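Notes for the one structure printed next.
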Amino acid sequence: MKFSGLRVLKEGLTGNRGWTPHWRDPEPKAEYDAVIIGGGGHGLATAYYLASNHGMTNIAVLEKGYIGSGNIGRNTTIVRANYFLPGNSEFYSHSLKLWEGLEQDLNYNVMHSRRGLINLFHSDGQRDAFVRRGNAMLNQGDDAVLLDREGVRKYLPYLDFDNLRFPVYGGLLHPRGGSARHDAVAWGYARGADQRGVDLVQNCEVTGIDIERGVVKGVQTTRGAIRARKVAIVTAGRSGQVAAMAGMRLPIESHVLQAFVTEGLKPVIDHVVSFGMGHFYISQSDKGGLVFGGDLDFYASYAQRGNLPMAEHVMEAGMTLMPMIGKAKVLRSWGGIMDMTPDGSPIIDRTDTEGLFIDCGWCYGGFKAVPASGVALAHLMATGQSHEIAAGFRLDRFRTGRGIIDEEGTGSQHNLH
Amino acid sequence: MRVDDKGLIDRSRPVRFQFDTIGYSGFEGDTVASALLANGQRLMGRSFKYHRPRGVLTAGSEEPNALVTVGRGAAQEPNVRATVQEIHSGLDVRSQNAWPSLKTDVMSLNDLAWPFLGAGFYYKTFMWPKAFWEKLYEPVIRRAAGLGALSGRHNRDKYERAYAFCDLLIIGAGPAGLMAALVAGRAGVDVLVVDEDRVMGGRLNAETYVIDAEPGSAWAAAVVAELQGMANVRLMTRTTVTGAYDQGTYAALERVSSHLPERADGAPLETFWRIVARRAILASGALERPVAFADNDRPGIMMAGAVRAYLNRWGVAPGQRVAVFGNNDDAHRTATDLVEAGVEVAGLIDSRPGAQVTGTGFPVYTSSVVAGSTGRHGLTGIAVQGPNGHHRVEADCLAMSGGWNPTVHLTCHMNGRPTWREDIAGFVPTPGSVPGLVAAGACNGDFSTAACLAAGSAAAKAVVKDLGGKTTRVSLPDAEDKAYQIAPLWAVPGKGRAWLDFQNDVTVKDVKQAATENFRSVEHMKRYTTQGMATDQGKNSNVAALAVLADATGRAIPETGTTTFRPPYTPVSIAAMGAGAQGAGFAPQRYTTSHAVSVEMGAPMIEAGLWYRPGYFPRKGETTWRQACDREVEYVREAVGVCDVSTLGKIDIQGPDAAAFLDFVYTNTFSTLKVGRVRYGLMLREDGHVMDDGTTARLGEQHFVMTTTTAAAGNVMRHLEFVHQVLRPEFDVRFTSVTEQWAQFAVAGPRSRELLNDILDAPIDKDSWPFMACGETSVAGIAGRLFRISFSGEHAYEVALPSRYGESLFRLLVKRAESLSGGAYGMEALNVLRIEKGHITHAEIHGRTTAFDIGFARMISTKKDCIGKTMAAREGMVDPMRERLVGLKPVGPVKQLTAGAHVFERGAAAIRENDRGYVTSVAFSPTLGHSIGLAFVRGGPERLGDVMRVVDHLRDIETDVEICAPVFVDPDGGRTRG
Amino acid sequence: MRLTCPLCGERDRREFYYQGDAVSLNRPSPEAGVDAWDDYVHLRDNPAGETRDMWQHEGGCGAWIVVTRNTVTHEVLGTALAGPAAGARI
């Protein structure tokens, strides 16, 4: 079924009786050409691009719970391409380009909205760092505009320019930055993959990875054994446990990141605003809720929930930066499991086991990466070669010290990125 | 309208307030909702999507319909529950999400278009033409969405945060909570009782229950009075426990002043509490749930328990002719209470075939359901469908009850999943879901008053015993103990739209459509339909929606699963949770001892981490910062300058193994440093990158003072403790941060010794204080320290006295410097001086650079291990083609350099593929008369003498530069040593 | 979240700094080789369940503490000073 305004109209006039499942619920087959462990954004996108870019349709996505139940369904939906280190720049730049055609590509409205992202800076040193970043973005062909204090005031007149503990010196505007409807991204990729013949198997937990003489043979699951010549681990915060099934230890520590949404409000924040001094970022959803967050809780956790100290710190940052949001009420708080790497950048690579691939380490920035991660991992799985946009995301870079991509500059302590 | 002789309101104290600019009156004790109902005002809001007219549904914080905006200007607060907000004189209430008026809302046209606006319709359309989403559709949707509006003005109200500690936290002061408090209180336990309402008692205040032969509300009041007399019991009203967190931590929001016309002096509007409790008893009661039937959302249709609450608690009859519809015996009391109060009951409709109805004075319809309703802005009648077909019943209020849901929410905050109980058709807490917390009473599925009292008592006894105390005998009072009889009824079949989630306009049809489209997981259904995502977070609707989904997918309810309740239980304002941070309160402010003097001298104070430091010291006639900066640089290069460097971290290190310890944390060797000498040290992280740098002075055989950069002071202190306690516990060494204990000033320039000899008690000379010497000194008899070190590259010292003398010393030094043709210099000049000298700061050691990159590879001693040494030797860390530190000098017509610009080969396009590096620091060097810069360039030291291109796209500046060594002034250090 | 400092008693999480897995107690020798160092600095067991990690009572006595904790439930099973765990002579 093709979705369109016309279809909505037609169904509305005929009692909405013609809608069909967005995807099937197939029984897993005994064998596939490739199996993707993890039905989150990255896994679903990988399946979609394996089918659409490489014609591999005899594949399955195995999901422990329901599709889209991981971080794709619990993030703060920011889409941007404002990285400054080689390795990241080309990847996120490519991802943003994919976002810009995603609705039409998937025939699903993921509500990608380029409303502009503004990173504020609060000292001369921070300005220099953001200038370096902005120039890297322009070198890459993306967009960036340097705003001085008055420039920021034009965009964000509601900031507290007079009393802020760390005064606003200016900001780096990324006009193409913005947001999207996170669940719809998972569903759009799921539907697209399903339409191309991919089996999406929900409630199917992988319990083992079958390896013979260094070659992957398939997986064991709660719904039986499945043979596959190629297996990809795309399990984000749970990567450690799944990789352990293949005898691997990963450079990953899983941490909790909280996020918050307020009750619905009439439009008041039109951009994505990021306040580096307070580790605070905020945007407003189309439904009207202020969606915001801050830093990790800082302790390793799989609980998908956090504690008050960081929650309060996030509110504090909001109150000092834009005290007009004080009377907005937090409706819900939640947490996601972040697969933190020693340099804050991801891994898309083969492993020492032939046929076994891994895509992980997205830290707290995986949402915007979904399209390009899917393209890159699909390319690697189908061709055996790293995609040029993800050539830097190597698993061995920590061991060799070559090509470390540390945007924060905080080094190998996982939780500091 | 009011009913005589009922309610806990004070009829001797009328209160005037406004709703949509019309004046109303109520009584003290009224909420906005009860007062409006008393005035016959049923329409109070509009729904989110279809803008359906809505009245009040509940009598509590779970209200999904009657959300209003309170206050004006900066005090404007959107999305206030009319059912919670107490009225006070002058209260200004407005309806929201309706235009031009609540009664005539243009957006209610959406309701006519409902066939096209079903579950998830927006995922299927608005995709063509491509550009229209951002330009047209989204802006229109955004404007239509949202509930109330923020004022857009800075918050001006006071909010607070506080901590509380107790042995036993009792959440909810209904019969179970009060009984628990009584038992624990009498046993002497440190008890904190928290209740959301203004008056304790819970449902006892809303029902006509009798306890020990007196009204339930009177029993509650008597218990509260006794508890108030106990020193070990604290009672908090108007306080909602909003979250359960680890190790017995709970969040709570206290509404301190929102019910008052005038705020007491200094009192906050709200206080956000962090409560730490050894044990907790959850006695949060239960919430009644609606029944889905066609058009069940009209103003006048409300929960049966709410109707009783308005009647018994506030003396308000929500209608003149009230019908009652339920699937359980509890609903029947609504009819009897109303009849007793003299309100006409149009009929009692019970869906159960064999329902036993006591009470008289109203028609009874068993085996019957309400299948529809009429009335545009308020209910006029209902369609009753029974064994004998349809018939219409005229009514202006319908009290409905689909049964009660235990308020399990807090037990789910730590990932607990509730357990389904078939007999009550509801979820109850799973024991152990929150460590240290037990549920008692209605929130645990015990619905009779007697059962609640017994459960509260038992829970308290267990806690007292657990805490090692002893309970005295507390007898249970007599109370009703009627068994709860219910037959599940979630949705009445039939045509038309039957609402589940009232605010978000999610109907039974929507849930069924979601199931058809394979959004069969309860989480998928929620996210696809927005069921349960409104401001009540599904408190009213989740269980029924789950049941409808279970039915649509052919599963049982427990098998279908639940979505997750997460904090907060009721929404909490950002201002309360972030109280104290507005303005400068966000972070501590650290001031040096010279701060006041610097401000006096007109210096702009700039943030340096948490510190404030002077940017420059302007002189009369200077119009730009550059003029001041150039002058101050000249002081240092030509005469003498004075600068406060106290913000640098200072760590006192003592012990027999102090030297060995330093050898391990620094790349270079300190054990060979002589007493009375200073050495520059480089510190790595264990991953081989540069962590920090600074000088360390050896004041004695076992005594060192380390300086760190301002930014890294805390990190380094923590790192030293880590290395000592965790990696080298055998070392006998101790550290103390002495940053605040010493005021330290750089005295730099060719005349620095001359200045010092003017003020030091014992003069110094070339031999007694050579370059890198240190030791004790004194100024005006005050013992201090003197270091011959230089960040500026000049002949320089740093003199330190105990902080209390800092201001005087700074005044003295500046005065003397001025008499020697010098003066104070600030951060701008400091930065220029260090760039001229090629000294690095965190602009260069930004966490990604190695000793190799900054040209200090040889500082890593080959003779010993140190933190970071092994990882610094990885192949990728010493690749000559890494980006390495160099200096830049402009050589073309453009002379301007900017930090953050990138470096390219001449002739190459300025794109990422050709990127060769970036500029970290720039300055105009008054000493050299042109701009200079520091940069990291691929293979840097191998490019000396090459001309490259520096491009700043953002500022549209391109500059040809010569790559040079990163030391521009006095490369062989003659001036420093001089 | 609350932790018990072995020296100061039970305190709010706000007083503590978290560093990471207690693998950092076992620093390899400089000659241990690339794999050992990669293990130490980068690779983690990252268990979903019981773990030991390093915290500092930074806002208190400054002690580095080994906390035994459950990463799924956040239950704290025990705390001990890092010094003795690392072999300090007390």
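What follows is calculated from the coordinates using simple rules that are stated; it is not laboratory data. The structure presented is a predicted model; accordingly, all values stated were derived computationally and were not measured. Positions of Cβ are backbone-derived with ideal geometry, glycine not excepted, and every protein chain shown enters the neighbour counts.
How big is the charge dipole of region B:489-582 about its Cα centre, in debye rounded to the nearest 20, if each Lys and Arg gets +1 on its Cβ and each Asp and Glu gets -1 on its Cβ? Intermediate values should be presented prior to the final figure.
Working: 10 positive and 8 negative charges, 21 e Å.
Computed charge dipole of region B:489-582: roughly 100 debye.
Let me have the 222 nm mean residue ellipticity of the protein assembly as shown computed from DSSP H runs of 4+ only, each contributing -39500 (n - 2.57), with the sum over all residues rounded to the nearest 500.
Taking each H run of at least 4 residues, the total per residue is -6000 deg cm²/dmol.
Please give me the summed charge of the neighbours of A:S333: other residues whose Cβ is under 9 Å from its Cβ, Lys and Arg +1, Asp and Glu -1.
Numbers: positive: A:R305, A:R332, B:R566; negative: none.
Here the count lands on +3.
Need the C-alpha centroid separation for region A:302-321 versus region A:214-248, integer Å.
Cα centroid of region A:302-321 versus Cα centroid of region A:214-248: 35 Å apart.
Cross-link partners among lysines for B:K6, C-alpha distance below 28 Å, same-chain residues fewer than 8 apart left out?
Reachable lysines: B:K482.
May I ask you to derive the FRET efficiency for B:E340 and B:W99 from their Cβ-Cβ distance with R0 = 35 Å, giving the value to the nearest 0.05? Could you put the intermediate results ahead of the total?
On the way: r = 43 Å, r/R0 = 1.22.
Efficiency, rounded to the nearest 0.05: 0.25.
Report the gain in length on full extension from B:K130 to B:R16: 0.36 nm times residue separation, minus Cα-Cα distance, nm rounded to one decimal. Before the final figure, lay out the partial values.
Numbers: separation 114, 0.36 × 114 = 41.04 nm, distance 5.34 nm.
Stretched out fully, the B:K130 to B:R16 stretch lengthens by 35.7 nm.
So how far, in whole Å, is the C-alpha centre of region B:581-607 from the one of region B:904-976?
That distance is 34 Å.
With Cβ to Cβ distances under 13 Å as the rule, what net charge do the other residues near A:V314 carry (K, R +1; D, E -1)?
Working: positive: none; negative: A:D295, A:D297, A:E312, A:E316.
Net of charged neighbours comes to -4.
Evaluate the distance, in nm, between pseudo-label points positioned 7 Å from the Cα of B:D972 and of A:K217 along their respective Cα→Cβ axes.
7.4 nm
State whether chain B is rounded, prolate or oblate according to the following rule on the C-alpha gyration tensor (a ≥ b ≥ c being the square roots of its eigenvalues): a/c under 1.5 gives rounded; otherwise a/b larger than b/c gives prolate, and the remaining case gives oblate.
Working: a/c = 2.66, a/b = 2.15, b/c = 1.24.
Note, shape of chain B comes out prolate.
In which sequence would B:W404, B:W99 go, from the one with the fewest C-beta neighbours within 10 Å to the one with the most?
Details: B:W404 23, B:W99 12.
The fewest-first ordering by Cβ neighbours comes to B:W99, B:W404.
Which of the lysines could be linked to A:K329 by a straight reach, that is with a Cα gap under 23 Å, when you skip same-chain ones fewer than 8 residues away?
Straight-line reach from A:K329, under 23 Å: A:K266, A:K287, B:K49, B:K158, B:K526, B:K539.
For region A:214-304, what's the relative contact order in percent, using C-alpha pairs closer than 8 Å and at least 6 residues apart?
On the way: 130 pairs, mean separation 22.1, N = 91.
Once divided by the residue count of region A:214-304, the mean separation gives 24 percent.
Give me the dipole magnitude in Debye, nearest 20, for region B:214-276 about the Cα centre, with unit charges on the beta carbon: positive for Lys and Arg, negative for Asp and Glu.
Values: 5 positive and 7 negative charges, 23 e Å.
My answer is approximately 120 debye.
About its Cα centre, what dipole magnitude does region B:11-155 give when the only charges are +1 on Lys and Arg Cβ and -1 on Asp and Glu Cβ, stated in debye to the nearest 20? It would help to have the intermediate numbers written out before the result.
Details: 18 positive and 12 negative charges, 70 e Å.
For region B:11-155, the charge dipole is close to 340 debye.
Rounded to the nearest Å, what's the spacing between the alpha carbon centres of region B:741-772 and region B:665-692? Just the number, please.
Value for the Cα centre distance between the two parts: 25 Å.
Just in region B:546-619: which GluC sites (Glu not before Pro) are loop by DSSP and have at most 14 other Cβ atoms within 10 Å?
Nothing satisfies the criteria.
Could you list B:E844, B:E913 so that the one with the fewest beta carbons within 10 Å of its beta carbon is first and the one with the most is last?
Working: B:E844 20, B:E913 10.
By the 10 Å Cβ count, ascending, the order reads B:E913, B:E844.
Extension gain B:S778-B:W114, at 0.36 nm per residue separation less the Cα-Cα distance, in nm?
Details: separation 664, 0.36 × 664 = 239.04 nm, distance 8.56 nm.
Result: 230.5 nm gained on full extension.
Which of the GluC sites (Glu not before Pro) found in region C:1-33 are in a DSSP loop and have at most 13 neighbouring Cβ atoms, other than their own, within 10 Å?
Details: sites: C:E10, C:E15, C:E31; in loops: C:E31.
Counting only loop positions with at most 13 other Cβ atoms within 10 Å, the GluC sites (Glu not before Pro) in region C:1-33 are C:E31.
Given contacts defined as C-alpha pairs under 8 Å and at least six residues apart, what's the relative contact order of chain B, whole-number percent? Working shown, then result.
Numbers: 2339 pairs, mean separation 85.2, N = 978.
The normalised contact order for chain B reaches 9 percent.
Net charge near B:Y616, counting Lys/Arg +1 and Asp/Glu -1 over other residues with Cβ under 11 Å of its Cβ?
Working: positive: B:R613, B:R619, B:R626, B:R631; negative: B:E622, B:D630, B:E632, B:E828.
Surrounding charge for B:Y616 is 0.
Using +1 at the C-beta of Lys and Arg and -1 at the C-beta of Asp and Glu, which of B:Q76, B:T419, B:C964 has the Cα lying farthest in the positive direction of the dipole of the protein assembly as shown?
B:Q76
Using r as the Cβ-Cβ distance of A:Q104 and A:Q385, and R0 as 41 Å, what FRET efficiency do you calculate, to the nearest 0.05? Don't jump to the answer; show the numbers that get you there.
Numbers: r = 28 Å, r/R0 = 0.68.
The value I calculate is 0.90.
Under the rule a/c < 1.5 gives rounded, and otherwise a/b versus b/c splits prolate from oblate, where does the protein assembly as shown land using the Cα gyration tensor? Kindly include the intermediate steps, with their values, before the conclusion.
On the way: a/c = 1.97, a/b = 1.62, b/c = 1.22.
Judged from the Cα gyration tensor, the protein assembly as shown comes out prolate (a/c at least 1.5, a/b above b/c).
Under the definition of Cα pairs under 8 Å and six or more residues apart, what whole-number percent is the relative contact order of region B:90-210? Write down the numbers at each step before the final one.
Working: 73 pairs, mean separation 21.6, N = 121.
Relative contact order comes out at 18 percent.
I'd like the orientation of helix A:308-321 relative to chain A: the angle between its Cα long axis and the longest Cα principal axis, in ° from 0 to 90, rounded to 10.
Relative to chain A, helix A:308-321 is tipped by roughly 50 degrees.
If you take the C-alpha gyration tensor of region B:11-155, multiply each eigenvalue by 5 and take the square root, what semi-axes do you get, largest first, in whole Å? If you can, show how the numbers build up before the last one.
Values: eigenvalues 229, 57, 27 Å².
Calculated on Cα positions only, the semi-axes equal 34, 17, 12 Å.
Using only the Cα atoms of region B:879-977, build the gyration tensor, take square roots of its eigenvalues as a ≥ b ≥ c, and label the shape rounded, prolate or oblate: rounded if a/c is under 1.5, else prolate if a/b is larger than b/c, else oblate.
Numbers: a/c = 2.16, a/b = 1.36, b/c = 1.59.
In terms of gyration-tensor shape, oblate.
Please work out how much length the chain gains when fully extended from B:A596 to B:K674, using 0.36 nm per residue of separation minus the C-alpha to C-alpha distance, in nm with one decimal.
Values: separation 78, 0.36 × 78 = 28.08 nm, distance 3.81 nm.
Extending this stretch completely gives an extra 24.3 nm.
Would you please name the trypsin sites (Lys or Arg not before Pro) within region B:56-94 that are DSSP coil residues with at most 16 other C-beta atoms within 10 Å of their C-beta?
Details: sites: B:R72, B:R81, B:R94; in loops: B:R72.
Answer in residue order: B:R72.
May I ask you to list the residues of region C:31-51 whose amide nitrogen lies under 20 Å from a point 7 Å from Cα along the Cα→beta-carbon direction of B:E730?
Hits in region C:31-51 for B:E730 at 20 Å: C:31-33.
Under 13 Å Cα to Cα from B:K863, which aspartates and glutamates show up? Leave out anything in the same chain fewer than 8 places away.
Here the aspartates and glutamates satisfying the reach criterion relative to B:K863 are B:D663.
Would you be so kind as to identify which of A:G294, A:S345, A:H22 lies farthest towards the positive end of the dipole of chain A, taking Lys and Arg as +1 and Asp and Glu as -1 on Cβ and the Cα centre as origin?
The residue sitting most towards the positive pole is A:H22.
Testing the spin-label approximation: label points 7 Å from Cα along Cα→Cβ at B:Q228 and B:R555. State their distance in nm.
5.1 nm
Along the Cα→Cβ direction, 7 angstrom out, place labels at B:V891 and B:F771. What is the inter-label distance in nm?
2.9 nm
If R₀ is 45 angstrom, what is the calculated FRET efficiency for the pair A:H54 and C:N26, using the beta carbon separation as r and rounding to 0.05?
On the way: r = 44 Å, r/R0 = 0.99.
Given R0 = 45 Å and the Cβ-Cβ separation, E is 0.50.
Which order do B:E836, B:E160, A:E212 fall in if you start with the one that has the fewest other Cβ atoms within 10 Å? Please list the in-between numbers first.
On the way: B:E836 24, B:E160 17, A:E212 9.
In increasing order of surrounding Cβ atoms, one gets A:E212, B:E160, B:E836.
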